[in-house]
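Q: If you scroll down you'll find the structure; I have some questions about it.
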Amino acid sequence: MAKLSNRFWFQLHGWFSLPIWLIFCFVCLTGTVAVFSHELTWLTNPASRATNPDNLPAKPVAELVAAVEQAYPMADVGTVMVFEPYLVNAVIFTDHDKPQAIAYVNQYTGEIQQVNQGITFIGFMRSLHGWLLFPWQSSYSIGYYLVSAMALVMLGALVTGLIIYKNFWRSFTQPKIRFNQGKKTVLTDLHRLAGVWSIWFLIVMSATGLWYLVQAVMWHADIDVEPHAPLVAAEQLPVTQTQPPVSFAEAMQIARQRFPDFQPSYLMLPEHNRGMYSLMGGGDHIFYDQYSYNLSINPWTGDIAHEKSPASMTGLQTVMHIADPLHYGTLGGIWTKAIWFLFGLLLSGMSITGFMIWGSRTVKAVRESRRNNALQEVSHGAS
């Protein structure tokens with residue numbers, strides 16, 4: 001009975017891992033690359049590097065916006081993205097001959113080092129990993145569902161693998177890879193060893209992936225975890241004045257006065273006369289992402305119409321803002337990214353070795369079945 005039970009769990013483990021192993025492996029590999037997408041951008045594109053040979057302090061973001069507006073007088077700046085200190089700031093704008101462009105502005109010198117009118121490597125890798133470049137329509141993407149559903153596959157493979165390998169903790173104290181007992185044994189030992197040492201990583205990826213799946217369902221059902229940015233009341237609009245009295249620089253100052261540890265990351269300027277400054281950023285909280293602070297500032301009055309911070313978040317909002325740092329390993333900077341990158345490679349390798357093990361067992365089973373059928377035909381013919 002125990003043998004039958006082990007066989008059942010092994011087959012279930014295989015079905016969790018193998019029918020879509022190619023997609024799973026692709027998602028793992030693209031996620032692994034996405035972890036280092038910022039560093040790879042710095043490495044491959046000199047214009048993205050925020051060089052600072054004179055050790056200058058970073059200029060206020062409003063000055064970078066002003067530099068773009070001076071270089072492109074007809075530009076309409078909509079968004080500013082702030083990355084790591086070694087990467088330039090991205091000022092996104094439109095112009096008469098540019099439907100959408102991204103100005104790479106060095107925050108230390110104020111120089112526009114490049115204007116990009118295509119998709120960036122960072123955006124491409126996050127999109128490829130997040131929803132396989134499937135289009136979005138009506139608040140959902142089939143690709144996003146497909147990728148986030150990999151969490152169920154990963155969790156099922158983890159649980160069934162631990163049931164099969166009952167004494168898995170021995171791989172912590174007595175790791176072994178038997179190189180002298182054939183290819184199949186080497187693959188099995190590598191698969192088990194990588195799996196045991198990746199238990200914590202599999203749990204983190206499964207938990208965050210399940211959240212992304214739940215989040216996709218809520219988006220599809222128009223359930224808002226966070227409220228939309230408010231609009232300026234019509235009665236607050238002046239009759240004659242066309243330019244809001246509160247500048248972008250003043251809005252940034254208001255945000256820092258409200259949250260002294262505010263570190264800007266995604267800043268949106270008003271799109272119309274009823275729009276507000278929507279300022280998002282991170283803080284000193286290690287487990288929260290770079291959007292954990294959010295302020296909507298009225299450009300006509302300077303009032304904070306809406307604010308959000310880790311201290312005021314609901315339970316679902318907290319989960320939403322800690323999922324990305326845990327999933328991409330950004331919570332501790334370059335060192336945790338390196339750890340996530342390493343275990344991402346291990347997870348990708350596990351999917352490949354698992355397929356090879358399953359393939360060798362399947363081929364062997366098919367050959368034995370054919371051999372048995374041939375023997376039965378011979379015996380029937382002889383009788």
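The values are calculated or read from the model by the stated rules, or taken from the named source; none is laboratory data. Since this is a predicted model, take the numbers as computed values, not measurements. Here Cβ is always computed from backbone atoms with ideal geometry, including for glycine, and neighbour counts include all displayed protein chains. In case anyone asks, the SASA skips ligands and DNA or RNA and just uses the protein heavy atoms, side chains included. Shrake-Rupley method; radii C 1.70, N 1.55, O 1.52, S 1.80 Å.
Q: What residue, among those in the range 136-171 that are free of Cβ contacts under 8 Å to residues at least 60 places away in the same chain and part of a helix (DSSP H, G or I), is farthest from residue 194 (Cα to Cα)?
A: By that ranking, first place goes to 142.
Q: Right, here's the next one. Tally the residues that are surrounded by 11 or more Cβ atoms within 10 Å (Cβ to Cβ), in contact (Cβ under 8 Å) with a residue 40 or more places away in the chain and in a helix (DSSP H, G or I), restricting the search to the range 217-238.
A: Residues meeting the conditions: 3.
Q: Another question, then. Within the range 112-135, restricting attention to residues that are free of Cβ contacts under 8 Å to residues at least 12 places away in the same chain and out of contact with any Leu (no Cβ under 7 Å at 6 or more places or on another chain), which residue is surrounded by the most Cβ atoms within 10 Å (Cβ to Cβ)? Give the derivation first.
A: Step one: filter the range 112-135 for residues free of Cβ contacts under 8 Å to residues at least 12 places away in the same chain, giving 118-119, 123-124, 127, 133, 135.
Now restrict to residues that are out of contact with any Leu (no Cβ under 7 Å at 6 or more places or on another chain): 118-119, 123-124, 133, 135.
Working: 118: 9, 119: 10, 123: 12, 124: 15, 133: 11, 135: 8.
Here the residue is 124.
Q: Take the residues in the range 306-321 that are open to solvent by 60 Å² or more (accessible area, probe 1.4 Å) and polar (S, T, N, Q), then tell me which one is farthest from residue 209 (Cα to Cα).
A: 312
The rows are residues; the columns are (1) in contact (Cβ under 8 Å) with a residue 24 or more places away in the chain; (2) under 20 Å from the mean Cα position of the chain (by Cα); (3) within 21 Å of residue 349 (Cβ to Cβ).
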| position | (1), (2), (3) |
| --- | --- |
| 28 | yes, yes, yes |
| 31 | yes, yes, yes |
| 34 | yes, yes, yes |
| 39 | yes, yes, no |
| 45 | yes, no, no |
| 49 | yes, no, no |
| 53 | no, no, no |
| 56 | yes, no, no |
| 67 | yes, no, no |
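Q: Sticking with this structure for a sec: Considering only the range 172-199, state which residues are under 22 Å from the mean Cα position of the chain (by Cα) and not in a helix (DSSP H, G or I).
A: Result: 198, single match.
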